[in-house]
Amino acid sequence: MTMEALTAFGQDFEDAFFLIGIAILAIEVLKGLFSGSMTGRSALDMVASASTQIPYLIVEIFLLSFAYLGFVYVSEAFVSWTMPLTAWTVVLAVLAADFIYYWEHRLAHRVRILWTQHAVHHSSRHMNILVGIRFGPFEGFISALLHFPLILIGFPPQVVFFGILVVLAYQTWIHTEVIGKLGMLEGIINTPANHRVHHGCDDKYIDKNYGGILIIWDRLFGTYQREEETPNYGLKRDYDSVNPLSVWFSEWPNLFRELGEAKSAREVWMRLFGTPEWQPARDRETPDRANS
(Lines give C-alpha, C1' and ligand atoms only; values in the text may rest on other atoms or scores of the structure.)
Protein backbone atom coordinates (compact mmCIF):
# COMPACT_ATOMS: atom_id res chain seq x y z
CA MET A 1 0.00 0.00 0.00
CA THR A 2 1.21 3.51 -0.85
CA MET A 3 0.43 6.85 0.79
CA GLU A 4 -1.33 7.91 -2.43
CA ALA A 5 -3.59 4.85 -2.27
CA LEU A 6 -4.31 5.51 1.41
CA THR A 7 -5.21 9.14 0.70
CA ALA A 8 -7.49 8.11 -2.17
CA PHE A 9 -9.20 5.47 -0.04
CA GLY A 10 -9.70 7.98 2.77
CA GLN A 11 -11.34 10.42 0.37
CA ASP A 12 -13.57 7.70 -1.07
CA PHE A 13 -14.57 6.59 2.45
CA GLU A 14 -15.44 10.14 3.47
CA ASP A 15 -17.36 10.72 0.23
CA ALA A 16 -19.35 7.51 0.70
CA PHE A 17 -20.55 8.51 4.16
CA PHE A 18 -21.22 12.05 2.94
CA LEU A 19 -23.58 10.63 0.29
CA ILE A 20 -25.22 8.39 2.90
CA GLY A 21 -25.70 11.47 5.06
CA ILE A 22 -27.27 13.41 2.18
CA ALA A 23 -29.68 10.54 1.52
CA ILE A 24 -30.69 10.35 5.20
CA LEU A 25 -31.10 14.14 5.33
CA ALA A 26 -33.44 14.00 2.32
CA ILE A 27 -35.53 11.32 4.04
CA GLU A 28 -35.63 13.35 7.27
CA VAL A 29 -36.75 16.51 5.48
CA LEU A 30 -39.41 14.73 3.44
CA LYS A 31 -40.68 12.88 6.51
CA GLY A 32 -40.80 16.17 8.44
CA LEU A 33 -42.69 17.95 5.65
CA PHE A 34 -45.27 15.21 5.22
CA SER A 35 -45.80 14.70 8.96
CA GLY A 36 -45.87 18.41 9.74
CA SER A 37 -43.01 18.12 12.24
CA MET A 38 -40.71 20.27 10.10
CA THR A 39 -41.34 23.70 11.59
CA GLY A 40 -39.57 26.97 10.96
CA ARG A 41 -37.70 26.62 14.24
CA SER A 42 -36.52 23.09 13.48
CA ALA A 43 -35.27 24.32 10.09
CA LEU A 44 -33.39 27.15 11.82
CA ASP A 45 -31.89 24.59 14.19
CA MET A 46 -30.55 22.71 11.17
CA VAL A 47 -29.07 25.94 9.82
CA ALA A 48 -27.45 26.57 13.20
CA SER A 49 -25.93 23.07 13.10
CA ALA A 50 -24.52 23.63 9.62
CA SER A 51 -23.21 27.07 10.61
CA THR A 52 -20.83 25.57 13.19
CA GLN A 53 -18.71 24.39 10.27
CA ILE A 54 -17.64 28.02 9.66
CA PRO A 55 -15.52 28.51 12.80
CA TYR A 56 -14.65 24.80 12.86
CA LEU A 57 -13.13 24.86 9.37
CA ILE A 58 -11.30 28.13 10.00
CA VAL A 59 -9.61 26.63 13.04
CA GLU A 60 -9.03 23.36 11.20
CA ILE A 61 -7.27 25.06 8.29
CA PHE A 62 -4.78 26.80 10.55
CA LEU A 63 -4.35 24.88 13.81
CA LEU A 64 -4.97 21.37 12.45
CA SER A 65 -2.52 22.00 9.61
CA PHE A 66 -0.01 23.15 12.23
CA ALA A 67 -0.66 20.00 14.27
CA TYR A 68 -0.15 17.78 11.22
CA LEU A 69 3.17 19.44 10.40
CA GLY A 70 4.20 19.00 14.04
CA PHE A 71 3.34 15.30 13.86
CA VAL A 72 5.41 14.89 10.71
CA TYR A 73 8.38 16.71 12.26
CA VAL A 74 8.35 14.63 15.45
CA SER A 75 7.91 11.41 13.49
CA GLU A 76 10.82 12.14 11.16
CA ALA A 77 13.17 13.72 13.71
CA PHE A 78 12.62 11.64 16.84
CA VAL A 79 10.76 8.40 16.04
CA SER A 80 13.03 5.86 14.40
CA TRP A 81 10.64 2.95 14.94
CA THR A 82 7.94 4.06 12.48
CA MET A 83 5.78 1.16 11.32
CA PRO A 84 5.75 0.19 7.64
CA LEU A 85 2.66 1.14 5.66
CA THR A 86 0.66 -2.05 5.25
CA ALA A 87 -3.01 -2.96 5.29
CA TRP A 88 -2.57 -4.36 8.82
CA THR A 89 -0.96 -1.13 10.01
CA VAL A 90 -3.91 0.83 8.66
CA VAL A 91 -6.46 -1.48 10.32
CA LEU A 92 -4.56 -1.29 13.61
CA ALA A 93 -4.39 2.51 13.35
CA VAL A 94 -8.16 2.77 12.86
CA LEU A 95 -8.73 0.48 15.86
CA ALA A 96 -6.29 2.55 17.95
CA ALA A 97 -7.91 5.81 16.81
CA ASP A 98 -11.32 4.45 17.78
CA PHE A 99 -10.03 3.47 21.23
CA ILE A 100 -8.50 6.92 21.74
CA TYR A 101 -11.69 8.53 20.48
CA TYR A 102 -13.63 6.77 23.25
CA TRP A 103 -11.41 8.33 25.92
CA GLU A 104 -11.20 11.68 24.14
CA HIS A 105 -14.99 11.75 23.99
CA ARG A 106 -15.31 10.74 27.63
CA LEU A 107 -12.87 13.47 28.69
CA ALA A 108 -14.82 16.01 26.63
CA HIS A 109 -17.85 15.28 28.82
CA ARG A 110 -16.00 15.26 32.13
CA VAL A 111 -13.51 18.17 31.85
CA ARG A 112 -15.10 21.63 31.83
CA ILE A 113 -12.73 23.36 29.42
CA LEU A 114 -13.15 20.52 26.92
CA TRP A 115 -16.91 20.51 27.49
CA THR A 116 -17.07 24.14 26.29
CA GLN A 117 -16.28 22.76 22.85
CA HIS A 118 -18.19 19.48 22.87
CA ALA A 119 -21.36 21.01 24.36
CA VAL A 120 -21.94 22.62 20.94
CA HIS A 121 -22.53 19.14 19.55
CA HIS A 122 -25.09 18.40 22.27
CA SER A 123 -26.91 21.72 22.27
CA SER A 124 -29.66 20.79 19.80
CA ARG A 125 -33.05 19.60 21.06
CA HIS A 126 -33.38 17.58 17.85
CA MET A 127 -31.69 14.52 16.41
CA ASN A 128 -30.98 14.71 12.70
CA ILE A 129 -28.12 14.17 10.34
CA LEU A 130 -26.93 17.79 10.54
CA VAL A 131 -26.27 17.39 14.27
CA GLY A 132 -23.47 15.11 13.08
CA ILE A 133 -21.54 18.17 11.82
CA ARG A 134 -22.41 20.41 14.77
CA PHE A 135 -18.93 20.92 16.24
CA GLY A 136 -17.18 23.27 18.63
CA PRO A 137 -14.49 25.35 16.85
CA PHE A 138 -11.52 23.67 18.55
CA GLU A 139 -12.74 20.07 18.70
CA GLY A 140 -10.69 18.91 15.70
CA PHE A 141 -7.48 20.43 17.04
CA ILE A 142 -8.00 18.97 20.52
CA SER A 143 -8.70 15.57 18.97
CA ALA A 144 -5.46 15.68 16.98
CA LEU A 145 -3.42 16.50 20.10
CA LEU A 146 -4.96 13.60 22.03
CA HIS A 147 -4.00 11.24 19.19
CA PHE A 148 -0.34 12.35 19.37
CA PRO A 149 0.71 9.25 21.40
CA LEU A 150 0.06 7.16 18.27
CA ILE A 151 2.99 8.97 16.64
CA LEU A 152 5.25 8.02 19.55
CA ILE A 153 4.12 4.40 19.25
CA GLY A 154 5.32 4.44 15.65
CA PHE A 155 2.29 5.02 13.44
CA PRO A 156 3.07 7.27 10.45
CA PRO A 157 1.32 10.67 10.71
CA GLN A 158 -0.68 10.09 7.53
CA VAL A 159 -2.03 6.83 8.97
CA VAL A 160 -2.95 8.51 12.27
CA PHE A 161 -4.95 11.20 10.49
CA PHE A 162 -6.53 8.54 8.29
CA GLY A 163 -7.70 6.76 11.45
CA ILE A 164 -9.16 10.00 12.82
CA LEU A 165 -10.96 10.65 9.52
CA VAL A 166 -12.45 7.15 9.37
CA VAL A 167 -13.78 7.32 12.95
CA LEU A 168 -15.38 10.72 12.36
CA ALA A 169 -16.75 9.93 8.89
CA TYR A 170 -18.37 6.73 10.19
CA GLN A 171 -20.40 8.74 12.71
CA THR A 172 -22.20 10.72 10.01
CA TRP A 173 -25.02 8.20 9.65
CA ILE A 174 -25.75 7.61 13.35
CA HIS A 175 -27.31 11.04 14.02
CA THR A 176 -30.85 10.20 12.97
CA GLU A 177 -34.21 8.89 14.12
CA VAL A 178 -35.19 7.36 10.76
CA ILE A 179 -33.15 4.20 11.42
CA GLY A 180 -34.40 1.92 14.17
CA LYS A 181 -32.58 -0.72 16.18
CA LEU A 182 -30.24 -3.09 14.32
CA GLY A 183 -30.45 -6.28 16.35
CA MET A 184 -27.22 -7.93 17.42
CA LEU A 185 -25.16 -5.07 15.92
CA GLU A 186 -26.32 -2.87 18.81
CA GLY A 187 -23.88 -4.62 21.13
CA ILE A 188 -20.91 -4.36 18.76
CA ILE A 189 -20.92 -1.10 16.82
CA ASN A 190 -22.18 2.41 17.36
CA THR A 191 -25.64 2.58 15.78
CA PRO A 192 -28.26 5.34 15.55
CA ALA A 193 -30.08 3.82 18.54
CA ASN A 194 -26.89 3.73 20.62
CA HIS A 195 -26.03 7.30 19.67
CA ARG A 196 -29.51 8.62 20.35
CA VAL A 197 -28.90 7.49 23.92
CA HIS A 198 -25.65 9.48 23.97
CA HIS A 199 -27.50 12.67 23.00
CA GLY A 200 -30.21 12.14 25.59
CA CYS A 201 -30.42 14.50 28.57
CA ASP A 202 -32.52 12.10 30.66
CA ASP A 203 -30.67 11.11 33.85
CA LYS A 204 -30.12 7.48 32.85
CA TYR A 205 -28.79 8.48 29.42
CA ILE A 206 -26.30 11.17 30.50
CA ASP A 207 -22.63 10.34 29.86
CA LYS A 208 -23.32 7.02 28.13
CA ASN A 209 -22.23 5.43 24.82
CA TYR A 210 -19.05 7.37 24.06
CA GLY A 211 -17.84 4.99 21.33
CA GLY A 212 -17.02 6.15 17.81
CA ILE A 213 -17.24 3.03 15.62
CA LEU A 214 -17.23 0.27 18.23
CA ILE A 215 -19.63 0.32 21.17
CA ILE A 216 -17.55 -2.49 22.69
CA TRP A 217 -15.43 0.13 24.50
CA ASP A 218 -18.51 1.28 26.42
CA ARG A 219 -19.38 -2.26 27.36
CA LEU A 220 -15.82 -2.84 28.58
CA PHE A 221 -15.60 0.36 30.63
CA GLY A 222 -19.11 0.46 32.08
CA THR A 223 -20.64 3.32 30.10
CA TYR A 224 -23.03 1.39 27.87
CA GLN A 225 -26.77 2.05 27.95
CA ARG A 226 -29.21 0.55 25.48
CA GLU A 227 -32.01 2.70 24.09
CA GLU A 228 -35.24 2.16 25.97
CA GLU A 229 -37.71 5.03 25.65
CA THR A 230 -36.97 7.76 23.09
CA PRO A 231 -34.51 10.22 24.67
CA ASN A 232 -35.10 13.90 25.29
CA TYR A 233 -32.25 15.53 23.42
CA GLY A 234 -30.01 18.46 24.24
CA LEU A 235 -28.28 19.92 27.25
CA LYS A 236 -29.48 19.21 30.76
CA ARG A 237 -29.71 22.93 31.42
CA ASP A 238 -32.34 25.09 29.74
CA TYR A 239 -30.77 25.87 26.37
CA ASP A 240 -32.59 25.87 23.03
CA SER A 241 -31.12 28.66 20.91
CA VAL A 242 -31.09 28.65 17.10
CA ASN A 243 -28.84 31.73 16.96
CA PRO A 244 -25.60 30.54 15.29
CA LEU A 245 -23.34 32.79 17.38
CA SER A 246 -25.00 31.60 20.58
CA VAL A 247 -24.61 27.98 19.47
CA TRP A 248 -20.93 28.42 18.60
CA PHE A 249 -20.04 29.83 22.01
CA SER A 250 -22.89 28.53 24.19
CA GLU A 251 -20.75 27.53 27.19
CA TRP A 252 -18.30 30.44 27.27
CA PRO A 253 -20.48 33.12 28.97
CA ASN A 254 -21.17 30.95 32.03
CA LEU A 255 -17.53 29.88 32.25
CA PHE A 256 -16.19 33.44 32.09
CA ARG A 257 -18.77 34.59 34.65
CA GLU A 258 -17.81 31.80 37.04
CA LEU A 259 -14.09 32.45 36.58
CA GLY A 260 -14.71 36.09 37.41
CA GLU A 261 -16.48 35.05 40.62
CA ALA A 262 -13.75 32.59 41.66
CA LYS A 263 -12.41 33.13 45.19
CA SER A 264 -9.18 31.13 44.93
CA ALA A 265 -6.68 29.60 42.52
CA ARG A 266 -8.13 26.18 43.31
CA GLU A 267 -11.57 27.35 42.28
CA VAL A 268 -10.19 28.70 39.00
CA TRP A 269 -8.52 25.32 38.40
CA MET A 270 -11.71 23.39 39.16
CA ARG A 271 -13.78 25.69 36.95
CA LEU A 272 -11.45 24.89 34.06
CA PHE A 273 -10.45 21.28 34.67
CA GLY A 274 -13.07 19.93 37.05
CA THR A 275 -16.28 18.27 35.91
CA PRO A 276 -18.87 20.47 34.16
CA GLU A 277 -21.22 20.24 37.12
CA TRP A 278 -18.60 21.11 39.78
CA GLN A 279 -19.65 23.83 42.19
CA PRO A 280 -17.79 25.41 45.13
CA ALA A 281 -19.18 24.54 48.55
CA ARG A 282 -21.06 27.84 48.80
CA ASP A 283 -23.12 27.02 45.69
CA ARG A 284 -23.82 23.32 46.23
CA GLU A 285 -27.25 23.83 47.69
CA THR A 286 -28.50 24.73 44.18
CA PRO A 287 -26.33 22.77 41.73
CA ASP A 288 -26.82 23.41 38.03
CA ARG A 289 -25.50 20.50 36.03
CA ALA A 290 -24.02 21.72 32.75
CA ASN A 291 -23.55 18.36 31.05
CA SER A 292 -25.90 16.52 28.75
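The values are calculated or read from the model by the stated rules, or taken from the named source; none is laboratory data. Nothing here was measured: the structure is a model prediction, and the numbers come from that model. Cβ placement follows ideal geometry from the backbone for every residue including glycine, while neighbour counts extend to all protein chains displayed. Calculation scope for accessible area: heavy atoms of the full protein, side chains included, ligands and nucleic acids excluded. Shrake-Rupley method; radii C 1.70, N 1.55, O 1.52, S 1.80 Å.
A few points about this structure:
- Annotation for the stretch 122-131: no member residue is farther than 21 Å from LYS208 by Cβ, surrounded by fewer than 20 Cβ atoms within 10 Å (Cβ to Cβ) and not charged (D, E, K, R).
- Residue among ALA108, ALA119, ALA77, ALA48 that alone is free of Cβ contacts under 8 Å to residues at least 60 places away in the same chain, farther than 30 Å from ALA8 by Cα and either part of a helix (DSSP H, G or I) or open to solvent by 10 Å² or more (accessible area, probe 1.4 Å) (or both): ALA108
- Residue selected from the stretch 192-228 under the condition in contact (Cβ under 8 Å) with a residue 60 or more places away in the chain and hydrophobic (A, V, I, L, M, F, W, C), by the criterion most open to solvent (accessible area, probe 1.4 Å): PHE221
- Of all residues in the stretch 196-217, those that are part of a loop (DSSP other than H, G, I, E, B), within 16 Å of the chain's Cα centre (by Cα) and among the charged types (D, E, K, R) total 2.
- Flag for ASP98 being touching a strand residue (DSSP E or B) at 6+ places or on another chain (Cβ under 8 Å) and at pLDDT 90 or above: yes
- Identity of the residue in the stretch 264-292, open to solvent by less than 30 Å² (accessible area, probe 1.4 Å) and modelled with pLDDT of 90 or more, that ends up nearest to the chain's Cα centre (by Cα): PRO276
- Annotation note: of ILE61, ILE27, the sole residue that is open to solvent by 70 Å² or more (accessible area, probe 1.4 Å), assigned to a helix (DSSP H, G or I) and over 24 Å from SER123 (Cα atoms) is ILE61.
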